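Some notes on the structure that comes next.
The values are calculated or read from the model by the stated rules, or taken from the named source; none is laboratory data. Just so we're clear, the structure is a prediction, and the values are computed from it rather than from any experiment. Using ideal geometry, Cβ is built from the backbone for each residue, glycine included, and neighbour counts are taken over all protein chains shown. Only protein heavy atoms, including side chains, enter the accessible area calculation; ligands, DNA and RNA are left aside. Shrake-Rupley method; radii C 1.70, N 1.55, O 1.52, S 1.80 Å.
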Amino acid sequence: MSPFFSKRRVSFVSGALLCASLVSACSSMEPAQGVSARNELKPQATATTRSAPKDESTALVAPPSPPPSTPAPAAKKRADAPSPAPMMAEERESSDALAAAEPAMRRAAPAKDAKAATVAMGAPAGVLMPAPPPIQQPMEKGKMQPVDGDKGVAEGGNVFETYKANAFTETAKDNLSTFAADVDTASYSMARRYLQQGQLPPTHAVRVEEFVNYFKYRYTPPEEGAFTVHLEGAPSPFNARRQFLRVGVQGKVVSRSQRKPAHLVFLVDTSGSMASSDKLPLAIESIKVAVKNLNENDTVALVTYAGSTRDVLAPTPATDVKKIHAALDTLVAGGGTAMGSGMETAYKHAVKKAAGGVVSRVVVLTDGDANIGPNLTPKAMLASIEKYVAEGVTLTTVGFGMGNYHDNLMEQLADKGNGNSFYVDSMKEARKVFETQLTGTLEVIAKDVKFQVEFNPKAVSRYRLMGYENRDIADKDFRDDKVDAGEIGAGHTVTALYEVELTGEAQDVATVRIRAKAPNGTEAKEQAFPLTRANLKPSMEAASSDFRFAVAVAATADILRAAPAAEGWSLATTQKLAEGAVAGDADRTEFVRLIGQARALTTASASGH
């Protein structure tokens, strides 16, 4: 045999051995990794768009198409996967149809003091929108440690904390309802992204209070003091035996020129999982929007974390835009996610500027994935930075992207860090958070704000609070000033809704008490406000547009999360109610369109498409 053919034979044999070894290695891979790899290689669906009017920044959605049929490994099937929503379209509104569809969405029976459970949700597929960017498979498979008090571990995918919806409570047995203020909005903007991309949001991702408080309400601001309280009620459009009651709080407005100087430490996740266009690039642009809206007395610092933590920019005057932008433009994604170490570094910087006359805040921008380092849970992270929180440093968490988004971590960090949680899915949302809401996000006007509603058993037979399950406070802790609660920022509104059943002729329906501390105070002050039958309107039509819209939003959220108390409710009704209360507001107009999208998706789900 010639040397040429001899060499070719050796080359052929070597190649065969190499192929065999590759096949062997692939067959030994974990099923989930194989699925992820195949999904990442699939071409994206072609986007269908048309130009939007100048006053409309919401992209139009092409009709959803079924996701690629990639069979899930048997070992990965979960009972807590997103269930189809109930049939809510007009042509399927009969109670029989609703009763047939509802069981698939039902969870365990609600309890007032329910413990949370961690649920992993897969990322949607078959994206048809160019903006926001597609929900993707995770680029970096992290392993999230158990959430406080939870025994489960979620691997990959999006992780949400789920709470059982509040059940009706008999007033004769318990006439007190106590909870903390909450002005987070992440749940709504996240659900909007799912709907805009042709999927119903996971029931676990829907938090009623964050839907309701996403929107601005026209409450009269206080002439003095930190806030005013607005009470209203009207008959339910879903059940003639029930009423909706609203407790609305308006924080005092502080202009940009009046607010305290701010020192912001932007903590940016630059790990490999942040590489997609809807993550790190959008986070960088969001910071630029924030810097543009800061004052000459404000300062900015920049810290990043990936496999390690890096000080990118020392405290710099916000007016030095060129230097700040240059630092931001150097950021690239790659490596692991040492989030806990990054948090501690950022807080160490922030506490140096913390003082009564300065707002010192850490703003973390991330997908919430934390897979390396000493502190991987909210409990561990907060334990390491607790001393800084006590010295007045506040926290804002801003979430980006899908595929490995840890919503549970982001929410808990904001709650425990005396701050707010947002989710940014587009430049429109970035401008809303960092431009329109910047002053309220930065300056806290009241901290540890607690609500306690005392229902009169002679007027109310039973009641339920819509949402706020993760903000529940023991009744006995209402006047315990050591118990942490929520914060209200300048200009913020806080809205809570109850569904109640009235009885008797008693004029006093309830007493609403609010307890709060000054921003730098340690002792809370308490105020009481009577809610009487004079606050109740004879019909929903007679109620204010703000009230009607808030009810429409809360009811829609209850339907989307399959709350047992909302069984038989119709999205057609909530859409009609919202349409009549838009009052020219762009965010409300968008919400009406989203209900229409949800109705189409529930109809398709009920039909098996």
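Scoring 383-391, 475-483 by mean Cβ neighbours within 10 Å over their residues and listing the highest first yields 383-391, 475-483. Label-to-label distance, Glu170 versus Ala474, with points set 7 angstrom from Cα along the beta-carbon direction: 2.4 nm.
Applying the Karplus relation 6.51 cos²θ - 1.76 cosθ + 1.60 with θ = phi - 60° to the stretch 256-269 yields 3J(HN,Hα) values of 4, 6, 8, 6, 5, x, 10, 10, 10, 10, 7, 9, 10, 6 Hz, where x marks Gly and Pro. Hey, how many Å between the Cα centroid of the stretch 252-300 and the Cα centroid of the stretch 157-216? One Cα centre to the other: 26 Å.
Across Arg462, Arg515, the residue with the most accessible area heads the list, and the full order at a 1.4 Å probe is Arg462, Arg515. Here the 3J(HN,Hα) profile of the stretch 550-556, calculated from phi with Karplus coefficients 6.51, -1.76 and 1.60 at θ = phi - 60°, is 4, 5, 4, 5, 4, 5, 4 Hz, Gly and Pro shown as x. Between the amide H of Val359 and those of Ala262, His263, distances stay under 5 Å, these residues lying 5 or more places away or on another chain, with hydrogens modeled in the peptide plane. Put simply, the stretch 159-315 fits an ellipsoid with semi-axes of 37, 25, 15 Å; these come from the alpha carbon gyration tensor as the roots of five times its eigenvalues, largest first. The heavy atoms of Tyr163 present about 60 square angstrom of accessible area, all protein chains included, probe 1.4 Å. Among the listed pairs Lys348/Lys416; Lys322/Lys348; Lys379/Lys432; Lys323/Lys379; Lys252/Lys379, those whose Cα-Cα separation exceeds 27 Å are Lys379/Lys432; Lys323/Lys379; Lys252/Lys379.
Residue ranking by accessible heavy-atom surface, 1.4 Å probe, largest first, among Glu429, Glu579 comes out as Glu579, Glu429.
Hydrodynamic estimate: the Kirkwood radius of the stretch 360-495 over Cα pairs, inserted into Stokes-Einstein at 10 °C and 1.306 mPa s, corresponds to D of 95 µm²/s.
Among His204, His349, the order of accessible area from largest down is His349, His204, computed with a 1.4 Å probe on protein heavy atoms.
Amide H contacts under 5 Å for Arg462: Thr171, Glu501, restricted to partners 5 or more places along the chain or on a different chain, H placed in the peptide plane at 1.01 Å from N.
Mind checking Rg over Rh on the stretch 450-571, alpha carbons, Kirkwood formula for Rh? Don't skip to the end; give the middle numbers.
Details: Rg = 16.2 Å, Rh = 16.6 Å.
Result: Rg/Rh = 0.98.
Converting phi to 3J(HN,Hα) with the Karplus coefficients 6.51, -1.76 and 1.60 and the offset θ = phi - 60°, the stretch 326-336 yields 4, 5, 5, 6, 8, 6, 9, 9, x, x, x Hz in sequence order, with x at every glycine or proline. Rounded to the nearest 0.05, the FRET efficiency derived from the C-beta distance between Thr532 and Val483 at R0 = 30 Å is 0.55. With N as its number of residues, the stretch 227-269 has a Cα radius of gyration that, divided by 2.2 N^0.38 Å, comes to 2.14.
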